[in-house]
Amino acid sequence: MIQEYDYENHWNKAYQNNMVEKLGWFEDDPIASIDLIEKCNLSKDALIFNAGAGATTLITLLLKKGYSNILVNDISSLALDKLKSSINNNSNVRFIVDDLTNPTTSLNIKNVDLWHDRAVLHFFTSKDQQLSYFNLLKKIVRKGGYVIFSEFGIDGAKKCCGLDIVNYSEKMLQNRLGEEFILLESFNHQYNHPSNGNTRKYIYTLFKRKTCLY
């Protein structure tokens, strides 16, 4: 039986009750994401959509590298408030509080050059949630655009932050995206928490949307 969660309340409590650096998914140096993003050879004004970003340090690094058109999403307003504070409300970053499994504001986004998701998709355990997520992705990512997934791998943990998750393989992600997207790169990655040493097994994938179906 699939457990139903109040994700907004859950994640607001997580960010309210913990320092960002102590959260189980915190990265002080998101090198794997940065490496894949730079392989996309995006222009500095390309539209980057960070799905379920939380208070990630990735945004600070992207700004340092000169990216100037970043759209940050999360269901937790408290998480985004912490991120805003960490980047001093940089004008090159816009914020959207929205549920990717029941999107509203996000539906108005167009021509995303890169969709980046680290440890978000795997929390969506029902088919309806997954369908809504991928329908949104396919609606707003442009032809020729890129998608990066970083999710718990098949042999990874079965829960995170007290929630059930879905473990993914590159084949599963390809099937969800469909033939319109091609896999450019895939690798396994062991995450090591910078303060407590806990480890998690991830799979990272980089996809590109075809410019035509032929």
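A count restricted to region 82-95 and to residues that are buried (at least 20 other Cβ atoms within 10 Å of the Cβ), at pLDDT 95 or above and touching a Ser or Thr at 6+ places or on another chain (Cβ under 8 Å) stands at 0.
Of the candidates ASN9, ASN69, ASN17, ASN41, the single residue that is closer than 18 Å to PRO103 by Cα and free of Cβ contacts under 8 Å to residues at least 60 places away in the same chain is ASN9.
Scanning region 72-93 for residues that are under 17 Å from the mean Cα position of the chain (by Cα) and more than 23 Å from LYS13 (Cα to Cα) yields a single hit, VAL93.
Given the structure, is TYR204 at pLDDT 95 or above, closer than 21 Å to ALA53 by Cα, among the hydroxyl-bearing types (Ser, Thr, Tyr) and surrounded by 14 or more Cβ atoms within 10 Å (Cβ to Cβ)? Yes, satisfied. Residues that are among the charged types (D, E, K, R) and out of contact with any helix residue (DSSP H, G or I) (no Cβ under 7 Å at 6 or more places or on another chain) within region 55-98 comprise LYS64, LYS65, ASP81, LYS84, ARG94, listed in sequence order.
Within region 158-188, the set of residues being in contact with a strand residue (DSSP E or B) (Cβ under 7 Å, 6 or more places away or on another chain), of a type in the set (Asp, Glu) and either in a helix (DSSP H, G or I) or free of Cβ contacts under 8 Å to residues at least 40 places away in the same chain (or both) comprises just one member, GLU170. When PHE123, PHE134 are checked against the criterion of being modelled with pLDDT under 95 and either touching a helix residue (DSSP H, G or I) at 6+ places or on another chain (Cβ under 7 Å) or of a type outside the set (Asp, Glu) (or both), PHE123 stands alone in meeting it. Does LEU173 qualify as being touching a Ser or Thr at 6+ places or on another chain (Cβ under 6 Å), surrounded by 15 or more Cβ atoms within 10 Å (Cβ to Cβ) and among the aliphatic types (A, V, I, L, M)? Yes: the conditions hold for LEU173. For the list (1) at pLDDT 95 or above; (2) buried (at least 19 other Cβ atoms within 10 Å of the Cβ); (3) acidic (Asp, Glu), I need the number of the one condition that ASP74 fails. So the condition that ASP74 fails would be (1). Of the residues that make up region 107-116, is at least one at pLDDT below 95, more than 24 Å from LYS210 (Cβ to Cβ) and of a type in the set (S, T, N, Q)? No, every residue in region 107-116 fails to be at pLDDT below 95, more than 24 Å from LYS210 (Cβ to Cβ) and of a type in the set (S, T, N, Q).
The values are calculated or read from the model by the stated rules, or taken from the named source; none is laboratory data. All figures in this text were calculated on a predicted structure; none of them were measured in a lab. Positions of Cβ are backbone-derived with ideal geometry, glycine not excepted, and every protein chain shown enters the neighbour counts.
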